[in-house]
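Since the structure comes first, as structure tokens, the remarks are kept for the end.
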Amino acid sequence: MNIQTEVKTADNGVDVEALYEIKKALTDMPPAAQFTWRASCEWLGGVHSKSTVEGFFGAGAEQSHKAPYSVEADHPGVFAAPDNAATPVEIVLSALASCLTGGVAAVAQHRGIQLHSVKAQVEGDMNLHGILGIDADVRNGFSAIRVTFEVEADASKDEIAAVIAQSQKRSAVFDIVTNPGNVKVALA
């Protein structure tokens, strides 16, 4: 009896072999897996600010990006602001979408699924009575977040759903948004 196995290949721009090598190295040397990410933020006036990321600690040493990256935040005119940039909560939604989308690409690559298009739509519901101090019983953050994917790929709907589920399972930003962490705010 001759059994043939179909080997799927895909090129979604993710170097799975390099990721396996990194995973093995971090498994063999657990302290190297401890990372500290950093961002600095500077007030630009009003509620407008600019955050910059450049260096971080990981793999047992100080690291740096190939260039500093910046993200500006502001508020729209309905908040009596000049609307120079996305709001901080929109940046959180964008980070969630980016993390999940990157995960979809990586998982699909690992599973040999060729992607043609991936789009994520993220919505977050918020009652401003909380952040404006109108009602102390209303939380400041999102009461609900919805992420909807549109994916075109050489795969069945069930295979794509499994890729999205695995991306969600391994997403750092999904974990940050859905599980409260230990955040400390202090004056230097």
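What follows draws every value from the coordinates through simple rules; no lab data is involved. Keep in mind that what you see is a predicted model, and the values were worked out from it rather than measured. Here Cβ is always computed from backbone atoms with ideal geometry, including for glycine, and neighbour counts include all displayed protein chains.
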Relative to the longest principal axis of the chain, what angle (0 to 90°, nearest 10) does the C-alpha long axis of helix 157-170 take?
60 degrees
Express the relative contact order of the chain as a whole percentage, based on alpha carbon pairs under 8 Å and six or more residues apart in sequence.
18 percent
Length-normalised contact order for segment 87-179 - Cα pairs under 8 Å, 6+ apart - percent
36 percent
Ordering of 67-75, 142-150 by burial proxy (mean other Cβ atoms within 10 Å per residue, highest first):
67-75, 142-150
So how tilted is helix 16-28 from the main axis of the chain? Cα-based, degrees 0 to 90, rounded to 10.
80 degrees
Can you pull the three principal axis extents for the Cα set of the chain, in Å, largest first?
73, 40, 30
Can you classify segment 1-89 as rounded, prolate or oblate using the Cα gyration tensor, where a ≥ b ≥ c are the square roots of its eigenvalues, rounded means a/c under 1.5, and otherwise it's prolate if a/b beats b/c and oblate if not?
oblate
Cβ charges +1 (Lys, Arg) and -1 (Asp, Glu), total dipole of the chain, debye:
400 debye
